[in-house]
Amino acid sequence: MRIVVLTGAGISAESGIPTFRGAGGLWEGHRIEDVASPEGWNKNPELVLDFYNQRRRGILSAQPNAAHIQLAALDAHHEIQIITQNIDDLHERAGSKNILHLHGEILKARSVKNPNLITPINGDIQIGDVASDGAQLRPHIVWFGEQVPMLEMAIPLVEQAEILVIIGTSMVVYPAAGLLHYASPEIPVYVINPEITEISRRKNIHFIQKNAGEGVTEFIRLVLTK
Ligand code: APR
């Protein structure tokens, strides 16, 4: 079975990584445009680096949870493609093989001058840290107002899906949210989220109103266990 799993911040919530829009969400105390936009970077790059340095530290001290681990185990019997909006590496650490990061990766940095000059990083980035072209390093993250280069790879994957599972995302940020429309109308779409969201109310959606860990267990029981 070719299963595409679209994940968002909610799948990492049980690993202790705050979501963006929930109570106590990540943006709280920050204006999104100050820490996650090219304008914010131009105005105050220290603030932006500090914001992502804190995110990186939090992610490095977190562990994959039952949802990441159960999804990784499905690789043994199914063709699983994870498409994540998350910048953490918890799907990787759980052992999933096919992962596409739509919004970048916190454990990579890149040159401000050359978006293709990408380097792994697991410590803080400071002003004055430069890429091999001599230009300042920035987090390898897609900010608001920037292109989403991985979208082009994600679209055909969603088009070919035989099952689509959407876990822990509010599906309000485009173009990621628009991926749903590329799924064939014939295929079943499952939404796992403890909260009712705009998409969970739609017709033809199988809504599993649970946290990610329990929700993935339920999905496997309902759909993949004969
Ligand atoms: N299990 C599953 N889902 C959960 C859990 C949980 N334990 N806890 C919360 N959620 C759900 C929330 O109900 C919400 O619908 O996860 C969702 C998180 O939504 P957002 O905070 O909006 O995160 P996300 O959808 O990933 O944001 C998309 O927005 O800010 C940008 O680039 C950033 O990739 C991010 C994008």
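Which helices (runs of 4 or more DSSP H) sit wholly inside the range 1-73 and have at least 1 residues that are of a type in the set (Asp, Glu) and away from the ligand (no atom under 11 Å from the Cβ)?
Output list reads 32-35, 38-43, 45-60.
Keeping to the range 198-226, report how many residues are within 14 Å of the ligand (Cβ to nearest atom) and under 20 Å from HIS68 (Cα atoms).
13
Does the range 98-121 contain at least one residue that is in contact with a helix residue (DSSP H, G or I) (Cβ under 8 Å, 6 or more places away or on another chain), among the charged types (D, E, K, R) and part of a loop (DSSP other than H, G, I, E, B)?
no
Can you find even one residue in the range 32-42 that is out of contact with any Phe, Trp or Tyr (no Cβ under 9 Å at 6 or more places or on another chain) and either at pLDDT below 95 or outside the structural domain of GLY134 (by TED's automatic domain parsing) (or both)?
Within the range 32-42, none of the residues are out of contact with any Phe, Trp or Tyr (no Cβ under 9 Å at 6 or more places or on another chain) and either at pLDDT below 95 or outside the structural domain of GLY134 (by TED's automatic domain parsing) (or both).
Go through the residues of the range 154-166 one by one and say whether even a single one is outside the structural domain of PRO38 (by TED's automatic domain parsing), within 14 Å of the ligand (Cβ to nearest atom) and closer than 22 Å to ALA13 by Cβ.
Yes, the conditions are met somewhere in the range 154-166.
How do the strands (runs of 3 or more DSSP E) wholly within the range 156-226 filter down when requiring 3 or more residues that are closer than 14 Å to ILE83 by Cα: which remain?
163-167
If GLU152 passes every condition in (1) outside any helix (DSSP H, G or I); (2) at pLDDT 95 or above; (3) among the charged types (D, E, K, R) but one, which one does it miss?
All conditions are met except number (1).
Being under 20 Å from the mean Cα position of the chain (by Cα), more than 10 Å from the ligand (Cβ to nearest atom) and exposed (fewer than 15 other Cβ atoms within 10 Å of the Cβ): is that true of GLU195 here?
So GLU195 fails the test.
The values are calculated or read from the model by the stated rules, or taken from the named source; none is laboratory data. This is a predicted model, so every value here is computed, not measured. Note that each Cβ is placed from the backbone with ideal geometry, even for glycine, and that neighbours are counted across all protein chains shown.
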